[in-house]
Amino acid sequence: MTAVVGDTALSSPPLPERTVPRGQRRRLRVGRGVVLILAVLYFFGPLAAAFWFSIDEGNGLTWHAYTNFAQAPGFGSAASLSLELAALTVVLSLLLMVPTLLLVHLRFPRVRTAVELLSLLPLVVPPIVLVVGVSTVIGWGNAGSSGSFRSQLFNQLLNSSPPPILPLEYVILVLPFVFRSLDAGLRTSNTATLVEAARNLGASWPTTVWRVVLPTLRTSLLNGSFLAFALVLGEFTMARLLQYQPFAVWLLQFGNTDGQLSVALSLLSLLLTWALLLVMTAIAGRGPRKAVV
């Protein structure tokens, strides 16, 4: 701070820097180390115990759970069914939510609160309630004659491969996560200005969505897709009550016969989820290439 008295400038002396005593710094480092060690034990301790259980044979170590899991009966069909259901759920949820949120943000901003409440409703309604309601509708559909349109429609929904009834339910289950990801991306990317500029330059609506809107929402699309994909891979209640056998249901049933293999597959699925998360994070973090002049 400088004060001027007459023609003379008086400068106040700088404030002394606060120094932390050596003992306090040492205690801070020790405290941080203890917290870090406790966090590592909390997160990775159960994983390490599960890994040891999957390779411990009592009289030695064995890796058969990690080398022979592909030969487990029913593993291939269960894994492929889960991947198909997850892919269908991601596609259907994006096809539903991207146009809806674009209309809400560009044309009908007043209904955003209503759309948000509807999208977040699956967080309040337990999945078991949804399954019970769907089971009631299925019973009503199967009550008709075998040659009626209603009976044929429900037969296709239930018995096709993969069964469409599960992705339709999973879309409802993942709505809150997809909505939050896309809504955050649209609110931070100034989409209205970009769309208006593209339209003023003569771009059609499909071109505007494909060349302008979707690239700006790349990170939001990847985040919503990953959350939906991971949620479907681990979903158990709906598939089990509707008597389907994706990977989560198969893993529980197979665990009654080979506990080591089921634990090993659980760890591998967790590693796969982490790997997908890292890949999507890397893709989302890559910005558009700048033109070199």
Which listed residue is closer than 30 Å to Asn256 by Cβ, surrounded by 10 or more Cβ atoms within 10 Å (Cβ to Cβ) and modelled with pLDDT of 85 or more, from Ala39, Ala49
Ala49
Quickly run through the range 18-74 and pick out the residues that are over 13 Å from Leu267 (Cα atoms), of a type in the set (Ser, Thr, Tyr) and part of a helix (DSSP H, G or I).
Tyr42, Thr67
Which numbered condition trips up Ser93, out of (1) more than 22 Å from Phe229 (Cα to Cα); (2) small (Gly, Ala, Ser); (3) modelled with pLDDT of 90 or more?
(1)
Within the range 157-166, is there a residue that is within 30 Å of Ser220 (Cα to Cα) and among the β-branched types (Val, Ile, Thr)?
yes
Please note which helices (runs of 4 or more DSSP H) are completely contained in the range 141-240 and include at least 2 residues that are in contact (Cβ under 8 Å) with a residue 60 or more places away in the chain.
165-188, 191-200, 218-234
Residue pairs within 7 Å by beta carbon, gap of at least six or interchain, first lying in the range 112-130 and in contact (Cβ under 8 Å) with a residue 12 or more places away in the chain and among the hydrophobic types (A, V, I, L, M, F, W, C), second surrounded by 12 or more Cβ atoms within 10 Å (Cβ to Cβ) and part of a helix (DSSP H, G or I), listed first then second, are Val115/Thr100; Val115/Val104; Leu120/Pro176; Leu123/Pro176; Ile128/Thr237; Leu130/Glu169; Leu130/Ile172
For Val129, state whether it is surrounded by 12 or more Cβ atoms within 10 Å (Cβ to Cβ) and among the β-branched types (Val, Ile, Thr).
no
Please determine, by comparing only the residues of the range 213-227 that are closer than 15 Å to Thr100 by Cβ and under 15 Å from the mean Cα position of the chain (by Cα), which one is surrounded by the fewest Cβ atoms within 10 Å (Cβ to Cβ).
Leu221
Assigned to a helix (DSSP H, G or I) and under 21 Å from the mean Cα position of the chain (by Cα): is that true of Leu118 in this structure?
yes
Residue check, Ala198 over 24 Å from the mean Cα position of the chain (by Cα), farther than 30 Å from Pro163 by Cα and surrounded by 17 or more Cβ atoms within 10 Å (Cβ to Cβ):
yes
With the requirement that a residue be of a type in the set (A, V, I, L, M) and either touching a Gly at 6+ places or on another chain (Cβ under 8 Å) or touching a residue at least 12 places away in the same chain (Cβ under 8 Å) (or both), what does the range 88-111 give you?
Leu88, Val90, Leu92, Leu94, Leu96, Met97, Val98, Leu101, Leu102, Leu106
Quick one: count up the residues across the range 63-90 that are modelled with pLDDT under 85 and crowded, with 21+ Cβ neighbours inside 10 Å.
1
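The values are calculated or read from the model by the stated rules, or taken from the named source; none is laboratory data. Note that the coordinates shown come from a computational prediction; the quantities given were computed from them, not determined experimentally. Neighbour counts are summed over all protein chains in view; Cβ atoms, including those assigned to glycine, are modelled from backbone coordinates with ideal geometry.
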